[in-house]
Amino acid sequence: MNTSIVGRHVTVNDELKTHIQNTMDVFSKYNLDIVSINAIISQEQKHGKNLITFEYVLNMAHQDTIVVKQKDKDLHAAIDIATDRVSKILRRHSDKIKSHKATKLTGVAMIDEEDKVAKELEMLEDEIVPVKLKSYKPMDIEEALNMLKEDGGVFKVFYDMDDNLRILYKMKDSAQFGLY
């Protein structure tokens with residue numbers, strides 16, 4: 001990555017060069033193909049006031065040139081704001097590249113179904129709480145019925161003597177019970 005710092009009508013001292021170089025080093029963390037970065041500092045007189053313009057020109061491989069200009073009364077403030085703006089642009093570009101993944105056409109339908117199931121589970125997250133079975137030992141249906149009546153619950157999940165998973169539940173508005 002080539003870097004250059006140019007001052008137009010401004011003297012660029014070593015301290016300013018190191019500050020700008022340190023801010024330009026931040027751009028390398030996005031792992032993009034940045035060919036060159038030019039930092040241009042210029043000073044203007046408008047209405048009797050000094051106005052500093054700081055400009056970044058980034059040339060990226062296989063991309064358009066990124067140009068960010070920032071005007072301010074304070075040079076360091078202009079540098080920091082321009083650096084933040086360029087970082088935001090590079091972060092968005094980097095995220096765009098990372099999130100673009102090629103998917104097979106056969107996997108598209110499965111992804112849509114998984115998304116629907118995930119959305120439904122998120123909606124029911126406050127209502128559904130996973131619970132483990134308290135007893136894994138097989139029991140008679142009469143024993144499960146007595147336990148359900150004692151607990152005052154709505155249903156009882158248990159294994160019967162043939163090692164089948166069974167569900168005993170209380171029917172609505174009735175003193176009867178159902179069995180799956």
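The values are calculated or read from the model by the stated rules, or taken from the named source; none is laboratory data. All values derive from a computational prediction rather than experimental measurement. Virtual Cβ from ideal backbone geometry, glycine too; neighbours counted across all protein chains shown.
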Within segment 35-72, count every residue that is of a type in the set (S, T, N, Q) and farther than 21 Å from T23 by Cα.
3
If we scan segment 25-37, do we find a residue that is out of contact with any helix residue (DSSP H, G or I) (no Cβ under 9 Å at 6 or more places or on another chain), modelled with pLDDT under 90 and either over 30 Å from K98 (Cβ atoms) or assigned to a strand (DSSP E or B) (or both)?
no
Which residue pairs have Cβ atoms closer than 9 Å, lie 6 or more positions apart in sequence or on different chains, and pair a first residue in segment 77-88 that is farther than 16 Å from I34 by Cα with a second residue that is assigned to a helix (DSSP H, G or I)?
I79/L16; I79/H19; I79/I20; I79/T23; D80/T23; A82/T23
Quick check: is even one residue across segment 58-65 assigned to a strand (DSSP E or B) and of a type outside the set (A, V, I, L, M)?
yes
Given the criteria within 29 Å of the chain's Cα centre (by Cα) and of a type in the set (D, E, K, R), does K71 qualify?
no
